[in-house]
Each structure stands twice: as structure tokens, then as C-alpha cells.
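S.K.: Here it is: the structure, laid out below.
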Amino acid sequence: MQFVLQLLAMFWAPLVATEVTRRLAIRKEARGRRQQLFNTLMVTAGDYGRLGRLSFEHVRALNLIEIEFYGEESVAVLKAWRDYRTVLNLAPPAPWTEENKPQWEAWNTLRDELFVKLLYAMAQSLDYKFDEEFIKNAVYAPMGYFTAEVEGMQIQTQLRELLDGKRALHISAAPPLPGATPPAPPAPTPPIAPGTAAPALEEAAPDAKALPPGETDLKK
């Protein structure tokens, strides 16, 4: 009996070791993909423009959450993501105007709160000892990014309005260059007295002679 058990152990031990190694590799790869999603969202969290939350990498990472964080151990992550996605799909009507400014401000506040909760749930799933306050203050984006993004959107909006005929193009004379001689004003046109004919555009040559009717100038 002992001999049989030894044979079984010799046969099954490599298979069990191979299966354990395979499962560990799968878990490691899955954690690596989740880690990559978390890193992408953290890196692009601080800016609202095309370099941040509007970037392709940020949107792609969000859409991969339900695929990579699948399972019972990721229930909190999936719930946080679905709450955040619901708010993203309920954005106020664009563009930002003074009339809908309070709606946009309230929406931005709620969106940021749910985004921080999503990052916190992902950090807990990856065994990071982060709290929400740390995540909220851990990102940085220069104000110049935001200013450039807003100005670019304004230029695009005004250009579209111009092409659609909703905005007029203002044109004014350019000021003279420094040191340039200003052009002379046009000569005034002398007034024409009432009852007189307007002067001819071309005057006859000084040596021209009037010929009687029916005669031709033979010199020509």
C-alpha cells in the first residue's frame, strides 16, 4: 500500500505543482492588469482636459474595470464604478453658460467625490493602505493645462459659430507701420456749375483741326 501511495505521489506531485504554478501566474497577471488600470486612473486624475480625464487612456481604463475587477472580491470596486458611471452619463447640457453654471458646479462636485471613492475601492482591492483624503490630494495638474484646454474649447466654439454663420467676422484697418509715410488724400473733385456739361474724359490733340462734313483727313 505504501508503495502505491509513493507511486501516486510521484505521479501527482508534478501535476499539482504545475497547476499551482499556473494559477499563481494567472493571479499575478490579473493583479498586474488591475494595477495598471489603477495607475492610469491616478496619473490622469488631476486634469479635466484631453491630457487627463478626457484622454483615451483614462476612458479606456474606466471601461476595463468591469472586465478586470470581476469577482466576489471586487464587489466594492464594481459598485463604486457603476455609481460613478451613472453620474458621468447625467452631465448637464453643454456648453457651460452662466445660466447652467450652478448645475455644472454641483455635477462636478458629485463627480469628483464618486471618482475618489472609486479610486479608494480599487486601492483597497490592491492592498494599498490609502484613505480617501490621501487620494484626493495625491494628484497634481498645472493650472496652465486647464487654461489651455478652456481657451482651446472657446476657439473651437467661436470658429464653428463663424462657419455656421452665427458669428460675424470683424475686420478693421491695420494701423500704419512705424516710420511709414501715410498715403496722400485723394484730390477733391471740383464742383460742376448748374447748367454746364461735365468735362470730357479725353481732350482732343492741340494740332487737331475740325474737317467739314464729308471730308477725310488724308494724312492718316
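No lab work stands behind these numbers, since they all come straight from the coordinates. Just so you know, these numbers come straight off a predicted model, no measurement behind them. Cβ sites come from the backbone with ideal geometry, for glycine too, and all protein chains shown count toward neighbours.
S.K.: Please verify whether R167 is surrounded by 14 or more Cβ atoms within 10 Å (Cβ to Cβ), among the basic types (K, R) and either within 21 Å of Q35 (Cα to Cα) or under 27 Å from the mean Cα position of the chain (by Cα) (or both), treating the condition exactly as stated. Spell out the reasoning first.
M.R.: Values: surrounded by 14 or more Cβ atoms within 10 Å (Cβ to Cβ): no; among the basic types (K, R): yes; either within 21 Å of Q35 (Cα to Cα) or under 27 Å from the mean Cα position of the chain (by Cα) (or both): yes.
Spelling it out, it is not the case that R167 is surrounded by 14 or more Cβ atoms within 10 Å (Cβ to Cβ), among the basic types (K, R) and either within 21 Å of Q35 (Cα to Cα) or under 27 Å from the mean Cα position of the chain (by Cα) (or both).
S.K.: For the stretch 99-111, give me the residue count where each residue is surrounded by 15 or more Cβ atoms within 10 Å (Cβ to Cβ) and in contact with a helix residue (DSSP H, G or I) (Cβ under 9 Å, 6 or more places away or on another chain).
M.R.: 2
S.K.: On the basis of being of a type in the set (D, E), surrounded by fewer than 15 Cβ atoms within 10 Å (Cβ to Cβ), under 24 Å from the mean Cα position of the chain (by Cα) and under 27 Å from A30 (Cβ atoms), does E73 make the cut? Even if it seems obvious, please write down each step before you answer.
M.R.: Numbers: of a type in the set (D, E): yes; surrounded by fewer than 15 Cβ atoms within 10 Å (Cβ to Cβ): yes; under 24 Å from the mean Cα position of the chain (by Cα): no; under 27 Å from A30 (Cβ atoms): yes.
It is false that E73 is of a type in the set (D, E), surrounded by fewer than 15 Cβ atoms within 10 Å (Cβ to Cβ), under 24 Å from the mean Cα position of the chain (by Cα) and under 27 Å from A30 (Cβ atoms).
S.K.: Checking the conditions here, which among F69, F130 is touching a residue at least 40 places away in the same chain (Cβ under 8 Å) and either among the hydrophobic types (A, V, I, L, M, F, W, C) or in contact with a Cys (Cβ under 6 Å, 6 or more places away or on another chain) (or both)? Don't jump to the end; show me each part of the working.
M.R.: Details: F130 fails: touching a residue at least 40 places away in the same chain (Cβ under 8 Å).
The conditions single out F69.
S.K.: Follow-up. Taking the criterion of being aromatic (F, W, Y), surrounded by 19 or more Cβ atoms within 10 Å (Cβ to Cβ) and touching a Phe, Trp or Tyr at 6+ places or on another chain (Cβ under 9 Å), would at least one residue in the stretch 77-87 satisfy it?
M.R.: Step one: filter the stretch 77-87 for residues aromatic (F, W, Y), giving 81, 84.
Keeping just the survivors that are surrounded by 19 or more Cβ atoms within 10 Å (Cβ to Cβ) gives 81, 84.
Next cut, touching a Phe, Trp or Tyr at 6+ places or on another chain (Cβ under 9 Å) only: 81, 84.
Yes, the stretch 77-87 contains at least one residue that is aromatic (F, W, Y), surrounded by 19 or more Cβ atoms within 10 Å (Cβ to Cβ) and touching a Phe, Trp or Tyr at 6+ places or on another chain (Cβ under 9 Å).
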